[in-house]
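The next block holds one structure in the form of structure tokens; read it before the comments.
Nothing in this text is a laboratory measurement; each read-out follows from the coordinates by a stated rule. As the structure is a computational prediction, the values presented were derived from the model and not from experiment. Using ideal geometry, Cβ is built from the backbone for each residue, glycine included, and neighbour counts are taken over all protein chains shown.
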């Protein structure tokens, strides 16, 4: 039998490390984050001011770290600290712009105006595949949800046609994919003569098929192109050229979205344009898919989900 261990002695002090044992070290980011969250703002202000004016590596390190703490300052309403960074020419991080746009309208307006005043371009992309602030924060949408902020940004010169750094995805692309029709109509008024953004591709991907068709009608009224092969612009092709890229009609046929396909055919979409990959046509054309899937297409027509000739579609 094993001897029973002695009961714990809760009055006993925990063992202390030897005097020469170094304490665990925290990075500068962690220290500053904790200070911003829990310490008096005046003391934090003084510490950050001293760091910003520190010579050598410490000052340089502080300037690399502090942009990433701007969102924390915005969410915690530490306006004095944010002003300190901006007045000392600390670079503005995209995360700060996102955080500002998430705030209630009046606060969002104040913080965004401050960031714009100190050098953030309202039409600068937020990332490699993320359009400017005129979109929303969840994967697809900044500032499109609160209409007042949308109107304010447009009045400030926000352009819904500006794409992200690597791909031709614009704020309007995002809106066509998932925003309310009133938002899309408003943005289209600021994009009447622009043809970029692969808008019909985006409309096709709306979750609701009836809404997708209605969005196609709306885009057609604004004369948006229907036969574009996706990702073939000079910017996007660098990152997407190795993938099979098709027209909206190709994808509508491939995904069996027959109402959308018929509407595109009625508008004159090219039924013989296959996908393009590395500059070469590959795979089936929309016509070949329609022939192959003719029974499914005919069945949907028979159910009254499509109207031959397209009178009810356009």
- Item | Virtual spin-label span in nm between residue 244 and residue 185, 7 Å along Cα→Cβ | 3.9
- Task: Within 10 Å of each residue's Cβ, count the other Cβ atoms and sort 194, 148 from fewest upward.
- Result: 148, 194
- Note on the structure: Descending packing, highest mean Cβ count within 10 Å first, for 47-56, 253-262 is 253-262, 47-56
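Relative to the present Cα-Cα distance, how much length would full extension add between residue 68 and residue 296 at 0.36 nm per residue of separation? Intermediate values should be presented prior to the final figure.
Details: separation 228, 0.36 × 228 = 82.08 nm, distance 5.31 nm.
Extra length from residue 68 to residue 296 when fully extended: 76.8 nm.
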- Treat each spin label as a single point 7 Å out from the Cα along the C-beta direction, and report the residue 223 to residue 79 distance in nm. 4.7
- Return 169, 237, 31 ranked ascending by Cβ neighbour count within 10 Å, so the fewest neighbours appear first. 31, 237, 169
- Message: Please rank 266, 117, fewest neighbouring Cβ atoms within 10 Å first, as an exposure proxy.
- Response: 117, 266
- Here FRET efficiency (C-beta to C-beta, residue 45 to residue 155, R₀ 25 Å, nearest 0.05) is 0.15
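Work out, step by step, the length gained on full extension between residue 278 and residue 38: first 0.36 nm times the residue separation, then minus their alpha carbon distance; give nm to one decimal. Working shown, then result.
Working: separation 240, 0.36 × 240 = 86.40 nm, distance 5.45 nm.
Once the chain is fully extended between residue 278 and residue 38, it gains 80.9 nm.
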